[in-house]
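Heads up, the thing below is written out as structure tokens.
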Amino acid sequence: MDALLCLMMWIAGWTTVLGAASTRRQTVELKTRLGKVCGYTETVLGKTVDTYWGLPYAKPPVGTLRFQRPESYGRWSGVWDATEMPNACPQVIDHSLNSFEGVTMWNPNTNISEDCLYLNIWTPTRRQQPTSPTPGRLRAVMVWIFGGGFYGGTSTLDWYDGRIMAAEGDVVVVSMQYRVGVMGFLYLGVSGAPGNVGLVDQQLAMQWIFNNIRDYGGDNRRITLFGESAGAASVSFHLLSPLSKETFHRAIMQSATALSPWALDTRQSAKAKSLEIASMVGCRADDDDEQVLLCMRRASVDEMTSKMWSVVDESVLQTPLAPIVDGYFLRRHPVDLVADAGFKPVPILLGVNHDEGAYFLPFSLPKLYNLSRNSIDTEEKYLRGVRRLMGNDDRLIGEIVAYEYKYPYHYTRRLSYMDIMDDIMGDYNFICPTLNFARAYAESGQPVYVYQFDHVSSRSPWPRWMGALHGYEIDTVFGQPLNDSLNYTMPEKELSQRVVQLWTNFGKTSNPTKREDGGSMVMHWPQYSPESRKYVVLNTTSPAIVLDGLRDRKCSFWRELIPKLRKWDGCHNNPGCQVACASTSTHGVHPLTVTVVTLLSAAFCQTFSSLSS
């Protein structure tokens with residue numbers, strides 16, 4: 001495409017339907033240090049925003065670059081057409097639950113191709129000539145990393161559209177595509193398939209943003225990463241990786257961190273699963289690793305991605321392929337890095353939704369769970385469900401978890417079995433890993449802000465009794481309720497406007513309630529500390545409710561007791577570990593733990609035995 005074509009598109013223009021949030025689009029040409037780019041400009045919420053879709057940050061990862069770490073794209077000639085959404089990276093289209101809308105809404109909305117390493121930029125229009133490289137007033141930059149369990153997702157979903165956040169928050173918003181699933185996390189133990197290339201894709205995109213965002217009006221001294229679920233885990237991986245530390249300055253994690261049990265695999269497990277996939281697509285796993293790699297480079301992308309799910313075991317919330325400690329991007333285990341404060345010392349904002357676990361129950365417990373009603377309604381179903389959720393853990397661990405959650409230390413209103421299952425699933429996989437990360441950061445003296453999102457969207461396709469689900473704060477964060485054509489309620493619009501301001505204030509000033517002009521929002525959000533552990537509740541009923549000690553007892557249970565029980569239980573059942581077991585019983589595990597194990601085992605053994613017979 002040349003400059004004349006961009007000019008013709010400018011003259012012709014075209015319209016877009018975004019209700020009252022947006023008006024007529026016109027193309028705009030921008031001169032950057034990498035070359036000319038043609039995007040489009042439109043009015044959003046009364047402000048002008050420029051959009052650039054599909055800017056290349058890496059060479060297409062095809063041929064010998066398949067499974068390899070990405071290579072920088074560099075400059076381009078002519079004018080780059082940035083008016084069309086980029087391809088999504090290869091993944092399986094999800095038709096679970098009979099193609100239920102709450103599932104399919106997360107599927108890619110563009111073509112799928114290996115040629116997918118592009119990023120997108122939304123920036124408030126600067127008062128200057130379109131082709132001028134002069135940055136003018138530079139704005140804080142918000143860099144979004146999408147979630148999807150490291151096996152799916154795309155930056156182009158409607159909910160991730162950054163134009164409303166750019167307009168309402170007066171920031172530059174950026175998102176990127178990165179490789180997922182077998183294309184992003186295949187690990188064969190050789191240089192051609194080193195694992196973690198999806199995370200390195202993100203890191204290269206971050207380096208591109210740091211080097212080039214000034215051309216788009218962004219301040220590369222104020223870059224904030226934010227992401228949800230696997231995107232939030234990715235953000236925390238970048239906090240732990242020496243490769244990423246120079247490219248950003250603040251971090252927001254929504255509903256996960258690198259401490260989430262599903263966010264990391266071992267090298268041994270990753271290689272075994274990678275070889276199993278190779279075998280299923282006709283590549284001999286008993287060949288040497290280099291020969292397997294050569295075969296995999298020729299294999300069908302569709303076949304590889306479709307076979308990927310065959311390597312998942314019976315455990316709940318297992319990803320087919322996930323990040324590993326590769327010695328390059330990630331040098332040590334996240335648990336050890338966090339314990340030693342081996343993270344980038346920056347302000348962080350992080351939090352969870354009230355009902356994180358409920359979203360996954362229909363997938364994890366299909367025989368026990370019915371979307372039309374709360375169907376986990378008996379103790380038998382509850383106990384079966386707990387055993388299923390605990391996956392590979394010994395039966396004893398499941399018994400202890402079932403007991404701990406059924407008979408809480410303090411009275412709780414969450415008495416239904418479905419609510420308890422939601423708590424178990426959510427605490428273990430999302431809430432406690434997030435709060436443990438916050439705790440470690442706060443102990444190191446860094447500014448930490450914690451939230452709990454407690455609003456059930458009027459536009460959620462899921463039953464309202466399921467609550468504030470995993471992922472269903474994203475539309476609020478991106479300002480989608482401010483789009484009048486989507487028919488959100490007025491309280492939801494007010495909540496979204498407030499949350500956009502909180503997130504972008506943090507990106508500008510490191511404080512969610514402090515504005516760039518030095519003023520403050522009319523709400524109180526205290527820092528989270530090891531002593532007070534204060535957090536805010538975000539919903540439509542109050543600007544911000546400040547509470548303390550979110551899930552303290554349950555997270556202590558998962559953080560302190562369960563690892564010791566796993567160590568004790570694994571040793572107890574291993575004949576070759578008798579000496580260590582005796583030592584662990586007296587030193588590694590508190591005597592009270594042994595008592596609890598004995599009592600709970602006696603109390604639940606008969607019940608579980610009857611269920612398994």
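Restricting attention to segment 233-273, the residues being closer than 20 Å to Tyr428 by Cα and assigned to a loop (DSSP other than H, G, I, E, B) number 12.
Search segment 309-339 for residues being part of a helix (DSSP H, G or I) and not charged (D, E, K, R), and hand back the single one that is nearest to Tyr151 (Cα to Cα). Write out each step before concluding.
Initial filter on segment 309-339 (part of a helix (DSSP H, G or I)): 309-311, 334-339.
Among the residues that remain, those that are also not charged (D, E, K, R) are: 309-311, 334-335, 337-339.
Values: Trp309: 10, Ser310: 13, Val311: 13, Pro334: 20, Val335: 23, Leu337: 25, Val338: 25, Ala339: 28 Å.
It comes out as Trp309.
Looking at segment 104-121, which of its residues are crowded, with 17+ Cβ neighbours inside 10 Å and under 17 Å from Gly148 (Cα atoms)? Before the answer, list the steps.
Restricting attention to segment 104-121, the residues satisfying the condition of being crowded, with 17+ Cβ neighbours inside 10 Å are 106-108, 110, 112, 114, 116-121.
Correct list: Trp106, Asn107, Pro108, Thr110, Ile112, Cys116, Leu117.
Within segment 170-192, can you find the residues that are of a type in the set (A, V, I, L, M, F, W, C), part of a strand (DSSP E or B) and surrounded by 24 or more Cβ atoms within 10 Å (Cβ to Cβ)?
To start, the set of residues in segment 170-192 that are of a type in the set (A, V, I, L, M, F, W, C) comprises 171-174, 176, 180, 182-183, 185-186, 188, 190.
So of that shortlist, the ones also part of a strand (DSSP E or B) come out as 172-174, 176, 188, 190.
If the condition is that a residue be of a type in the set (A, V, I, L, M, F, W, C), part of a strand (DSSP E or B) and surrounded by 24 or more Cβ atoms within 10 Å (Cβ to Cβ), then Val172, Val173, Val174, Met176 are the ones that fit.
The residue list Ser364, Ser375 contains one member that is modelled with pLDDT under 85 and not aromatic (Phe, Trp, Tyr), which is Ser375. Of the residues making up segment 24-78, those that are β-branched (Val, Ile, Thr) and either closer than 30 Å to Gly327 by Cα or in contact with a His (Cβ under 9 Å, 6 or more places away or on another chain) (or both) are Val62, Thr64. Among residues of segment 472-483 that are without any contact (Cβ under 8 Å) to a residue 24 or more places away in the chain, those with a beta-carbon under 8 Å from a residue that is surrounded by fewer than 24 Cβ atoms within 10 Å (Cβ to Cβ) and of a type in the set (Lys, Arg) at least six positions away or on a different chain give the pairs Pro481/Lys493.
Selection of segment 484-496 for residues being in contact with an Asp or Glu (Cβ under 9 Å, 6 or more places away or on another chain) and not in a helix (DSSP H, G or I) yields only Tyr488. Number of residues in segment 134-167 that are outside any loop (DSSP other than H, G, I, E, B) and surrounded by fewer than 22 Cβ atoms within 10 Å (Cβ to Cβ) equals 2. All conditions but one from (1) more than 28 Å from Gly63 (Cα to Cα); (2) in contact (Cβ under 8 Å) with a residue 60 or more places away in the chain; (3) touching a Phe, Trp or Tyr at 6+ places or on another chain (Cβ under 9 Å) apply to Glu246; the one that does not is (2). Kindly check whether there is at least one residue in segment 223-231 that is farther than 26 Å from Asn107 by Cβ and not assigned by TED's automatic domain parsing to the domain that holds Ala438. Yes, some residue in segment 223-231 is farther than 26 Å from Asn107 by Cβ and not assigned by TED's automatic domain parsing to the domain that holds Ala438.
Pick out the one residue from Ser229, Ser236 that is touching a helix residue (DSSP H, G or I) at 6+ places or on another chain (Cβ under 7 Å), in contact (Cβ under 8 Å) with a residue 12 or more places away in the chain and not aliphatic (A, V, I, L, M).
Values: Ser229 fails: touching a helix residue (DSSP H, G or I) at 6+ places or on another chain (Cβ under 7 Å).
Ser236 is the lone residue from the list that is touching a helix residue (DSSP H, G or I) at 6+ places or on another chain (Cβ under 7 Å), in contact (Cβ under 8 Å) with a residue 12 or more places away in the chain and not aliphatic (A, V, I, L, M).
In segment 274-287, the residues that are without any contact (Cβ under 8 Å) to a residue 12 or more places away in the chain form Cβ pairs under 7 Å with partners that are part of a loop (DSSP other than H, G, I, E, B), at six or more places apart or across chains, as follows: Ser279/Ala285.
Taking first residues from segment 493-512 that are farther than 12 Å from Met142 by Cα and in contact (Cβ under 8 Å) with a residue 24 or more places away in the chain and partners that are among the charged types (D, E, K, R) and part of a helix (DSSP H, G or I), the Cβ contacts under 9 Å between residues at least 6 apart in sequence or on separate chains come to Gln497/Glu168; Gln501/Glu168. In segment 308-336, the residues that are modelled with pLDDT of 95 or more reach residues that are charged (D, E, K, R) and surrounded by 15 or more Cβ atoms within 10 Å (Cβ to Cβ) with C-beta atoms within less than 6 angstrom, at least six apart or across chains, in these pairs: Ala322/Asp265; Ile324/Asp265. Within segment 503-518, if we keep just the residues that are under 23 Å from the mean Cα position of the chain (by Cα) and of a type outside the set (Ser, Thr, Tyr), the residue that is surrounded by the most Cβ atoms within 10 Å (Cβ to Cβ) turns out to be Gly507. Checking each residue in segment 344-364 for being surrounded by fewer than 24 Cβ atoms within 10 Å (Cβ to Cβ) and in a loop (DSSP other than H, G, I, E, B) picks out Lys344, Pro345, Val346, Pro347, His354.
Considering only segment 58-97, state which residues are assigned to a strand (DSSP E or B) and within 24 Å of the chain's Cα centre (by Cα).
Of everything in segment 58-97, those that are assigned to a strand (DSSP E or B) and within 24 Å of the chain's Cα centre (by Cα) turn out to be Ala58, Ala88.
Results for (1) outside any helix (DSSP H, G or I); (2) more than 21 Å from Asp454 (Cα to Cα), shown as yes or no for each residue.
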residue: Arg498; (1), (2): no, no
residue: Gln527; (1), (2): yes, no
residue: Pro530; (1), (2): yes, yes
residue: Tyr535; (1), (2): yes, no
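The values are calculated or read from the model by the stated rules, or taken from the named source; none is laboratory data. Note that this is a predicted model, so its numbers are computed, not measured. All Cβ positions, glycine included, derive from the backbone under ideal geometry; neighbour counts span all protein chains shown.
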